[in-house]
Amino acid sequence: MTGTVERKLRVVSISSGKGGVGKTVLTLNLAHIYQSLGHRVLVIDGNLGNGNVDSLFRSLSEYSLVDVARGVVPIGKVLKRTPSGIFFLPAGSALGTTTSLTTEEKLTLFSELDSLEDVADLVLVDCPSGIHDVTLFFVRSSTDLVCVTTPEITSVISTLSFLTLLSSRGEKEAGIIVNMTEDDGDGTNTFEVISEQVGKEGGMKVHYIGHFPYDYTVIESIRFLQPLVEKEGKGHLRGYLLNIAQEILRNPPEEKIKKCQQFFTRRLLREEHDTIFKANEVGQ
Ligand SMILES: Nc1ncnc2c1ncn2[C@@H]1O[C@H](COP(=O)(O)OP(=O)(O)O)[C@@H](O)[C@H]1O
Ligand SMILES: [Mg+2]
């Protein structure tokens, strides 16, 4: 490889118990941050039939992941790239509600996504809110699960039910981001409530990724379709995003290849093989 840094693949699902907590805002702004750190980034809009990632990236799409899942077009026809170089897969918005996928459609989407295994090293999936079969599909297929909440009690309760369900489906670990906080304490206190409750139930491990303040700049950035990193320059919001971005990558997933159903399995297996191979070489 010449001139590019080789990075191990991470597929991060950004999920939440309820809608409107800031998943899309955080996904898109994290994409910009990761890209500024030298990652090759792919954003998957998981809100199939009800997405908004393409409009927030100032792009209109003729075809979407729904068409890919239905076998209408290959994924190459849907893959887009922003002027700054972030790849993304639009979800389409014609249906007005997040559609479910049949098993056949999941398999089609799964193998089509596999053909993009070398497009990016950092994949962010903006999942549908709450418990949806499409969310389960994406979460199960990711290396990392991140759950966004706000400090509000309604959001915390939804987060707890969401994590309980995911735990019952075999998920072992989730990182928590607290969005729309008033101060640092708001983030850690909210996390502690979640962590204590999840701990009582057992079965799942949660770790604190960080918090992001409630700030009017976020609302303006959406209104003017401008990423926070551009809008804010090197202001304080960029610092929060950077911290979250680094924290997500700090904790390597416990079991990177965790189930038989996972995106980019061939690449993950190849990387695992290379790591073992290198370790053996060092040991010789
Ligand atoms: N940190 C924040 N500060 C202020 N407003 C926010 C913040 N995060 C999100 N918002 C507002 O909440 C709205 C919903 O966010 P969004 O990312 O679309 O939620 P979700 O994808 O979880 O449904 C945004 O349009 C924005 O107006
Ligand atoms: Mg959203």
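You will find that of V53, V68, V72, the residue that is touching a helix residue (DSSP H, G or I) at 6+ places or on another chain (Cβ under 6 Å) and either of a type in the set (V, I, T) or within 16 Å of ligand 1 (Cβ to nearest atom) (or both) is V68 and no other. Considering segment 6-27, and only residues there that are closer than 14 Å to T98 by Cβ and outside any loop (DSSP other than H, G, I, E, B), the residue that is farthest from ligand 2 (Cβ to nearest atom) turns out to be S15. Among residues of segment 25-38 that are under 9 Å from I86 (Cβ atoms), those with a beta-carbon under 6 Å from a residue that is more than 16 Å from ligand 2 (Cβ to nearest atom) at least six positions away or on a different chain give the pairs A31/V41; A31/I86; H32/V229; Y34/V41; Y34/L122; Y34/A245; Q35/V41; Q35/I86. Only one of the numbered conditions (1) away from ligand 2 (no atom under 16 Å from the Cβ); (2) touching a residue at least 12 places away in the same chain (Cβ under 8 Å) is not met by S155, and that is (1). Of all the residues in segment 87-142, those that are aromatic (F, W, Y) and touching a Cys at 6+ places or on another chain (Cβ under 8 Å) number 1.
Being of a type outside the set (F, W, Y) and in contact with a Phe, Trp or Tyr (Cβ under 6 Å, 6 or more places away or on another chain) holds for only one residue in V73, V21, and it is V73. Picking from residues in segment 37-56 that are of a type in the set (A, V, I, L, M, F, W, C) and either within 25 Å of S111 (Cβ to Cβ) or surrounded by 23 or more Cβ atoms within 10 Å (Cβ to Cβ) (or both), the one that is nearest to ligand 2 (Cβ to nearest atom) is V53.
Scanning segment 129-152 for residues that are under 19 Å from F212 (Cα atoms) and without any contact (Cβ under 8 Å) to a residue 60 or more places away in the chain gives P151, E152.
All conditions in (1) at pLDDT 95 or above; (2) in contact with a strand residue (DSSP E or B) (Cβ under 9 Å, 6 or more places away or on another chain); (3) not aromatic (F, W, Y) hold for S61, with the sole exception of (1).
Applying the condition of being in contact (Cβ under 8 Å) with a residue 40 or more places away in the chain and more than 16 Å from ligand 2 (Cβ to nearest atom) to segment 99-109 and asking which residue is surrounded by the fewest Cβ atoms within 10 Å (Cβ to Cβ) yields T108. Any residue in segment 13-28 that is surrounded by 17 or more Cβ atoms within 10 Å (Cβ to Cβ) and more than 15 Å from ligand 1 (Cβ to nearest atom)? Scanning segment 13-28 turns up no residue that is surrounded by 17 or more Cβ atoms within 10 Å (Cβ to Cβ) and more than 15 Å from ligand 1 (Cβ to nearest atom). Counting only strands (runs of 3 or more DSSP E) that fall entirely inside segment 66-181 and contain at least 1 residues that are polar (S, T, N, Q), the qualifying elements are 144-149, 173-181.
On the stretch given as segment 110-156, residues that are crowded, with 19+ Cβ neighbours inside 10 Å, under 19 Å from K77 (Cβ atoms) and either charged (D, E, K, R) or over 17 Å from the mean Cα position of the chain (by Cα) (or both) total 1. Would you confirm, using the coordinates I've provided, whether L42 is within 20 Å of L113 (Cβ to Cβ), modelled with pLDDT of 95 or more and more than 14 Å from ligand 1 (Cβ to nearest atom)? The answer is yes for L42.
The values are calculated or read from the model by the stated rules, or taken from the named source; none is laboratory data. These numbers were taken from a predicted model, which means no experiment stands behind them. Using ideal geometry, Cβ is built from the backbone for each residue, glycine included, and neighbour counts are taken over all protein chains shown.
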